Amino acid sequence: MNRSAVIAFNLVLSFLGVTSAMATEEAKYTVTRQEGVIEIRDYEAHILAETQVDGSLENASSKAFSRLFNYISGDNQSRNKVAMTAPVSQSPASEKISMTAPVGQQGSGNRWVVSFMMPASYTLNTLPKPNDAKVTLRLVPAQRVAAIRYSGLWSEKRYQEHKTQLEAWIAKNKLVINGEASWARYDPPFMPWFMRRNEILIPVTAR
């Protein structure tokens, strides 16, 4: 495990606590269709704190985690702490991310956007402004997504396998992809690999 991964591990461990029994707030959605491990979900609007980093899919979250964690831990103009939520998401970066565009995001080389969902009790007006200019806040409108759930290691190979499976299901069911895929993780690094909840989410619309 590289140094940045170790730092990220320690930050998660100290923040969540191994013995913590408190529930973590998750993005709110309604399941409209389910077929095995694949679901069609309608997500409510929510706000993301996000940052862009360079690197591989597997290393991007380690690079970005401390930056986002510092923000929710008080590195902001109000010096307020923001509760941890799930999932931590990662998707390909695009030029529009820096302008907080909610749609039309495109992959750009090895750049990635890593994000934390903000608690539902906040709005863009009430969230504290980040001190770090590399951390931005973005409102994601309500949207429909296709989701595939799987457990196991956080590897690019497993990500690509399940992304391909989900894209094939979307095509078979005559849905249209209208946004970038996001890789969502719900568990800290100390969770045994076989118990981890991982998901790939792709925005879709009916043909």
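Quick look at the values:
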| item | result |
| --- | --- |
| Residue list for the range 148-162, restricted to those being open to solvent by less than 30 Å² (accessible area, probe 1.4 Å) and not in a strand (DSSP E or B) | Gly152, Ser155, Tyr159, His162 |
| Selection from the range 110-130 of residues that are touching a residue at least 12 places away in the same chain (Cβ under 8 Å) and in a loop (DSSP other than H, G, I, E, B) | Asn110, Met118, Pro119, Ala120, Tyr122, Thr123, Leu124, Leu127, Pro128, Lys129 |
| Residue tally, condition farther than 18 Å from Asn59 by Cβ, open to solvent by less than 50 Å² (accessible area, probe 1.4 Å) and not in a loop (DSSP other than H, G, I, E, B), over the range 187-199 | 1 |
| Index of the failed condition, Ala93 passing every other in (1) at pLDDT below 80; (2) surrounded by fewer than 19 Cβ atoms within 10 Å (Cβ to Cβ) | (2) |
| Residue, farthest from the chain's Cα centre (by Cα), within the range 171-195, restricted to residues that are within 23 Å of Glu26 (Cβ to Cβ) and hydrophobic (A, V, I, L, M, F, W, C) | Phe194 |
| Qualifying residue in the range 139-146 (condition: surrounded by fewer than 13 Cβ atoms within 10 Å (Cβ to Cβ) and closer than 23 Å to Tyr29 by Cβ) | yes |
| Among residues of the range 165-186, those that are assigned to a loop (DSSP other than H, G, I, E, B), in contact (Cβ under 8 Å) with a residue 40 or more places away in the chain and open to solvent by 20 Å² or more (accessible area, probe 1.4 Å), counted | 4 |
| Filter result for the condition that a residue is open to solvent by 60 Å² or more (accessible area, probe 1.4 Å) and at pLDDT below 80, over Asn70, Asn59 | Asn59 |
| When residues of the range 125-138 are limited to those that are of a type in the set (A, V, I, L, M, F, W, C) and under 12 Å from Glu50 (Cβ atoms), the one least open to solvent (accessible area, probe 1.4 Å) | Val135 |
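Yes/no matrix, rows are residues, columns are (1) modelled with pLDDT of 90 or more; (2) basic (Lys, Arg); (3) closer than 20 Å to Ser115 by Cα:
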| residue | (1), (2), (3) |
| --- | --- |
| Glu161 | yes, no, no |
| Ile170 | yes, no, no |
| Asn173 | yes, no, no |
| Trp193 | no, no, no |
| Glu199 | yes, no, yes |
| Pro203 | yes, no, yes |
| Ala206 | no, no, no |
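The values are calculated or read from the model by the stated rules, or taken from the named source; none is laboratory data. Please read these numbers as outputs of a predicted model, since none were measured by experiment. We place every Cβ from the backbone using ideal geometry, glycine too, and count neighbours over all the protein chains shown. These accessible areas exclude ligands, DNA and RNA; they are computed on the full protein's heavy atoms, side chains included. Shrake-Rupley method; radii C 1.70, N 1.55, O 1.52, S 1.80 Å.
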